[in-house]
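Participant: Attaching a single structure in structure tokens format; questions to follow.
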Amino acid sequence: MIIRKLTNDLLALICRLSPKAKDFDAAWYCARYRDVADIGIDPLLHYCRFGYREGRDPNPMTSLSGERLTESSRFSVSRLGDSGILAISGDRELIDKAPTILCCGHQAGHELYGAERSFLDTLAVLAELKVNLVVTLPEAFNEDYLAAIRPHCSRLLILPYGWWAFGTEPQPVVVERFQSIIESFGISAVYANTVVLFEPLIAGRIMAVPVSVHVRELPYQDPSLCALMRADAEAVIQHLRETSDFQLVNSRFTGETLRLDDAIVIPNSVNAEDFKSISPPDCESHSLRVGMISSNLPKKGLDDFIALAGIFADEGSPIRFKLIGPENEHTRLIERRQAAGEISDNIDILGYIASPQAALNELDVLLNLSHFEESFGRTVLEAMAAARPVVVYDRGALSELVRHGETGYLVQFGHVEGIKRCIERFLTDPQLLRALGQNGKRRATEQFGVLSVKAGLEHWLDLVYSPRKTG
């Protein structure tokens, strides 16, 4: 222990002599990256050894991932006046005398998940409503995501900002940068994707601009989110109420659970045309393929999925069970247990697949076996749009998507045997597989297509721009 401490002390001293130490802000770094504060490592040492390589920002004025973006041939990156904020021109021309909305994303990591894709869908619909959009992201790791945002906005800005945590104060420099954005672009409304943001909301308050938060989380059902925010669910909801004028929710269930009586329901949307090239589900020319698309965490029902696959394997069924999502300690454990013969070998771990279309092309039936209540269920909707029947636990908002016996099946939570019986129906009646899939595609188009979401966003804009005292 003594040797290790001396080694770390020496390394920390070397780091302080490094050019990387010149503009390093230790307080900012620990506030922005709470995992560093939690492990108790010297923040500069962490930045020099790990953070710089990982693209973490050394101070609130420097976006390391954004600076590296300047080397990309895909984007022309400039700086926004004296603020130095990195700016990428969008494809949308500014509409004269139209309101300009500041749309703030919460992350742009190497892998994209439901909240990021839902943000992208919202931008696409808003762009058709004769408003100007200026988009901010706290990082620029995913160039494909940035490229997908550009067609919907006039300007895409990259600047460091983090997530709210209970008991923390907003970073003054970050708030000032958002204020400068609001002033420079004549922003008339702030829209924040998810409940985790802080400084953009405070800047909107200071500038007397209406602030809206699109809630896609259920804090009561997500202890990991609460842990990240250092708060219990009640504190998260209180923060939401205090920092926003309007709350948008992705399902009726979300609004009711969080007791947001005036919330505007704007569900995730899907365009079935995006999935038309996918082959229809089939269990006649090949073995039925049943799978989950998720973060591959235990809370997503990994144990139930393994148990289900084991039951079918014991019966000699040819069904293949496929896990799609990031490889992690849990998927590696499954592989080790398979190698040891502890669990069945009919589970295929396909890893993360960026395209929903490519992911769903690997499946005939989608499962959602979450052990928490979903606020929406985006992959379920995408599977329906791809004409895949879905079999899910009857929890949370999933019953708002799935029509039992029509587009798929709703099964009592934890009833693995019930999930099994639903899957068996497709084996004995291949036509049912296609019929439920087509019904799901029709429902996705009619109830969750762009037109439905557009109407909700128009209603929200009417409220935002009606005479109202904010704050």
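The values are calculated or read from the model by the stated rules, or taken from the named source; none is laboratory data. Note that the structure is a prediction, hence the values are computed from the model and not measured. Counting neighbours? That spans all protein chains shown, and the Cβs are built from the backbone with ideal geometry, glycine included. For the accessible areas, the whole protein counts, side chains as well, though only heavy atoms, and no ligand, DNA or RNA atoms are used. Shrake-Rupley method; radii C 1.70, N 1.55, O 1.52, S 1.80 Å.
Participant: How many residues does the stretch 230-263 hold that are within 22 Å of Leu398 (Cα to Cα), surrounded by fewer than 18 Cβ atoms within 10 Å (Cβ to Cβ) and touching a residue at least 60 places away in the same chain (Cβ under 8 Å)?
Facilitator: 1
Participant: Could you tell me whether the stretch 109-123 includes any residue that is without any contact (Cβ under 8 Å) to a residue 40 or more places away in the chain, over 18 Å from Ala147 (Cα atoms) and among the aliphatic types (A, V, I, L, M)?
Facilitator: no
Participant: Looking at the stretch 265-281, can you tell me whether even one residue there is touching a Ser or Thr at 6+ places or on another chain (Cβ under 9 Å) and more than 30 Å from Arg442 (Cβ to Cβ)?
Facilitator: Scanning the stretch 265-281, I find no residue that is touching a Ser or Thr at 6+ places or on another chain (Cβ under 9 Å) and more than 30 Å from Arg442 (Cβ to Cβ), so the answer is no.
Participant: Count, please, the residues in the stretch 279-303 that happen to be farther than 25 Å from Pro430 by Cβ and either buried (at least 20 other Cβ atoms within 10 Å of the Cβ) or in contact with a Cys (Cβ under 6 Å, 6 or more places away or on another chain) (or both).
Facilitator: 5
Participant: May I pose another question? Which one of the conditions (1) part of a helix (DSSP H, G or I); (2) modelled with pLDDT of 95 or more does Asp348 fail to meet, given that it meets all the rest?
Facilitator: (1)
Participant: Being crowded, with 24+ Cβ neighbours inside 10 Å and modelled with pLDDT under 95: is that true of Glu382 here?
Facilitator: Spelling it out, it is not the case that Glu382 is crowded, with 24+ Cβ neighbours inside 10 Å and modelled with pLDDT under 95.
Participant: Right, something else. With the checklist (1) among the charged types (D, E, K, R); (2) without any contact (Cβ under 8 Å) to a residue 60 or more places away in the chain; (3) part of a helix (DSSP H, G or I) in hand, flag the one item Glu342 doesn't pass.
Facilitator: Of everything listed in (1) among the charged types (D, E, K, R); (2) without any contact (Cβ under 8 Å) to a residue 60 or more places away in the chain; (3) part of a helix (DSSP H, G or I), Glu342 misses just condition (3).
Participant: For Glu400, are the conditions met, namely being in contact with a strand residue (DSSP E or B) (Cβ under 8 Å, 6 or more places away or on another chain) and within 22 Å of Arg117 (Cβ to Cβ)?
Facilitator: No.
Participant: For the stretch 318-339, enumerate the residues that are part of a loop (DSSP other than H, G, I, E, B) and either in contact with a Leu (Cβ under 7 Å, 6 or more places away or on another chain) or open to solvent by 30 Å² or more (accessible area, probe 1.4 Å) (or both).
Facilitator: Correct list: Pro318, Ile319, Glu327.
Participant: Oh, and also: Could you look through the stretch 351-367, keep only residues that are aliphatic (A, V, I, L, M) and under 29 Å from Ala108 (Cβ atoms), and pick out the one that is modelled with the lowest pLDDT?
Facilitator: Ala354
Participant: Sticking with this one: Would you confirm whether or not the stretch 464-471 contains a residue that is of a type outside the set (Val, Ile, Thr) and open to solvent by less than 40 Å² (accessible area, probe 1.4 Å)?
Facilitator: Checked against the condition, which is being of a type outside the set (Val, Ile, Thr) and open to solvent by less than 40 Å² (accessible area, probe 1.4 Å), the stretch 464-471 yields no hits at all.
Participant: Follow-up. For the stretch 435-442, check the following and say yes or no: at least one residue is modelled with pLDDT of 90 or more, over 19 Å from Arg395 (Cα atoms) and among the polar types (S, T, N, Q).
Facilitator: Within the stretch 435-442 (the criterion being modelled with pLDDT of 90 or more, over 19 Å from Arg395 (Cα atoms) and among the polar types (S, T, N, Q)), the answer is yes, since at least one residue qualifies.
Participant: So, one more: Look at the stretch 127-139 and say how many of its residues are at pLDDT below 95 and either out of contact with any His (no Cβ under 6 Å at 6 or more places or on another chain) or under 20 Å from Leu86 (Cβ atoms) (or both).
Facilitator: Total meeting the criteria: 3.
Participant: Taking the stretch 385-419 as the region of interest, how many residues are open to solvent by 40 Å² or more (accessible area, probe 1.4 Å), closer than 22 Å to Phe275 by Cβ and of a type in the set (Ser, Thr, Tyr)?
Facilitator: Residues flagged as open to solvent by 40 Å² or more (accessible area, probe 1.4 Å), closer than 22 Å to Phe275 by Cβ and of a type in the set (Ser, Thr, Tyr) within the stretch 385-419 amount to 0.
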